[in-house]
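To keep things clear, I will list the structure first and then write my remarks on it.
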Amino acid sequence: MLTRRTDLAVEAEALARAGRETPAPEGVRVQEERREGCPVTRVEILDGRGEEALGKPVGTYVTVDLTGLTRREEEAFPRSCRALAGELSHLLRRCRVPEKAPVLVVGLGNRAITPDAVGPGAADHTLVTRHLIDQAPEHFGDFRPVAALAAGVLGTTGVESGELAQAVAGKVKPGCVIAVDALAARSLDRICATVQLSDTGIVPGSGVGNHRFALNAETLGMPVIAVGVPTVVDGATLALDILEEAGRDDLDPAALRGVGGSLMVTPRDIDQRVKDMAKVIGFGIDLALHPRLSVEDVELFLS
């Protein structure tokens, strides 16, 4: 069977069960709940058995379904922001990040390539306060120090984004790094409709098959929370799923090997979807790092 490609733990877990209604694989725990009306699936990889089954490192992977946002449901934007903020706050506590510890938000990706621009867009919507705390302590003295970095890509900067983030983190000395990047999903329905948060860090460029310098606790020496949005689907994976739905599940996997191996599929309205997701992620980060603020407050500060 040809392996489907996905960066989402929730999809990897379903693939490991081959779509059957059976318990999670050994070494994996799955929990479903709702937050602010948004479905939330928590996949915990507990040990080496879970790593082997899902192909991902030990850690917690939280998937927040924001389909309501894509449907433009009433109050979908503030609910989505609060849902992301709640899950991110949970991961910050799980990583034992002190409430007032500085945080560095790193937006990974290339602004010039729309499906890869969600990270820089989220950084643009991050409320940065590190400089304001010293400059205007009477107004910002109670805020958490937050810095943001849109790291760019090797082809335009000549520097690995991970190396740049490592250098800035060494100067800022944050208690945690939040890295935002694009991912690849198996299902088109998850494109810009799902956000994955994890405490395992991230490899920049993994969503488009361009693996680079890893951002994680081992390389940076501090907790790294990854926030990923699927913006593309692997062409071969999509083709195989379509053929199976058409009853061609007996197809020789070798027939697809090498065909569309470097092809990524994305919707035609991806530009607006990426803008929407970048904003909701940025606002969600702001609410998690500054819990006394509301969505309206963040909108005012960033306007």
Would you mind giving the three semi-axes, in whole Å and largest first, of the ellipsoid equivalent to region 1-156 according to its Cα gyration tensor?
-> 32, 19, 18
Taking the chain as a Gaussian network, where each spring joins two C-alpha atoms under 10 Å apart, which residue of GLU218, GLU74, GLU51 fluctuates the most?
-> GLU74
Mind checking the per residue accessible area of region 58-117 for me, 1.4 Å probe, whole number of Å²?
-> 45
Taking only Cα atoms of the chain, radius of gyration then Dmax in Å | 19.1, 69
Once both axes come from the Cα atoms, what is the angle between helix 76-94 and the longest principal axis of the chain, in degrees from 0 to 90, rounded to 10?
-> 80
ALA148's amide H: which non-local residues (gap 5+, or another chain) put their own amide H closer than 5 Å, with H modeled 1.01 Å from N in plane and none for Pro or chain starts?
-> VAL105
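The values are calculated or read from the model by the stated rules, or taken from the named source; none is laboratory data. Computed from a predicted structure; not experimentally measured. Just so you know, the surface numbers come from the protein's heavy atoms only, side chains and all, with ligands and any DNA or RNA stripped out. Shrake-Rupley method; radii C 1.70, N 1.55, O 1.52, S 1.80 Å.
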